[in-house]
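The values are calculated or read from the model by the stated rules, or taken from the named source; none is laboratory data. This is a predicted model, so every value here is computed, not measured. Don't worry about glycine lacking a Cβ; one is built from the backbone with ideal geometry, like all the others, and counts go over all protein chains shown. In case anyone asks, the SASA skips ligands and DNA or RNA and just uses the protein heavy atoms, side chains included. Shrake-Rupley method; radii C 1.70, N 1.55, O 1.52, S 1.80 Å.
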Amino acid sequence: MNNIAVFASGSGTNAENLINYFSDIADMNIKLVLTNNTQAGVLKRAARHGVESYVFSREEFYTTDNVKKKLLVSNVDYVILAGFLWLVPEYLIDLFPGRIINIHPALLPKYGGKGMYGMRVHQAVIENKEAESGITIHLVNNEYDKGNTIFQATCPVHADDTPEKLAERIHELEYKHFPVIVESFIREQNSQKQHSL
């Protein structure tokens, strides 16, 4: 079994989409949802599906090994960031080398980096009169949005777009592609592991 932990900071629509998708996959499982926000909607979504959740503070995340211990006790194999806004600390990158995946609501390397998330990204894309935007699914390293790209999908930016309208099209891409790409990435990793044995 491949156990997956999902980190999210907000409402958790992508996290719930992942939970729903993997509930039908026999050898993969969303084991744990973690958040840095006691009010995050993702907590209710996780509870609704019977997925355990864990809330942590900034201090806990960066200066203790509580989160690390929780992931180890839960036998987590892969970490997925689904709208998680904090920089992942070095100890987690070392614990899951090449096994932490993030989704970003733009076509990296454009519109990435610290502070570029959610509506801020869509606002910037529209202000710069881009013809297209999209999503980037990428590995996580110790810099915001700098890890190797796994997959990108695009959508047009219309002349009359608002950040909210563009966000709707980006969400559609996220819901359609994110779970599928995560599954195929994990299968590829497992296959490479078996070949190297």
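Just to check your reading of the model, which residue among 13, 35 is polar (S, T, N, Q), surrounded by 14 or more Cβ atoms within 10 Å (Cβ to Cβ) and without any contact (Cβ under 8 Å) to a residue 60 or more places away in the chain?
Selected residue: 35, the only one of 13, 35 that is polar (S, T, N, Q), surrounded by 14 or more Cβ atoms within 10 Å (Cβ to Cβ) and without any contact (Cβ under 8 Å) to a residue 60 or more places away in the chain.
Report, by residue number, each residue of segment 147-163 that is under 20 Å from the mean Cα position of the chain (by Cα) and either surrounded by 17 or more Cβ atoms within 10 Å (Cβ to Cβ) or touching a residue at least 24 places away in the same chain (Cβ under 8 Å) (or both).
Correct list: 147, 149, 150, 151, 152, 153, 154.
Of 75, 66, which residue is open to solvent by 30 Å² or more (accessible area, probe 1.4 Å), over 22 Å from residue 13 (Cα atoms) and in contact with a helix residue (DSSP H, G or I) (Cβ under 6 Å, 6 or more places away or on another chain)?
66
Residue 144 is checked against (1) at pLDDT 95 or above; (2) over 24 Å from residue 22 (Cβ atoms); (3) crowded, with 19+ Cβ neighbours inside 10 Å and fails just one. What number does that condition carry?
(1)
Quick check: is even one residue across segment 44-58 touching a helix residue (DSSP H, G or I) at 6+ places or on another chain (Cβ under 9 Å), modelled with pLDDT of 95 or more and farther than 19 Å from residue 19 by Cα?
Yes - at least one qualifying residue is present in segment 44-58.
Would you point out which residue out of 44, 68 is within 24 Å of residue 105 (Cα to Cα), basic (Lys, Arg) and without any contact (Cβ under 8 Å) to a residue 60 or more places away in the chain?
Going through 44, 68 in turn, the sole match is 44.
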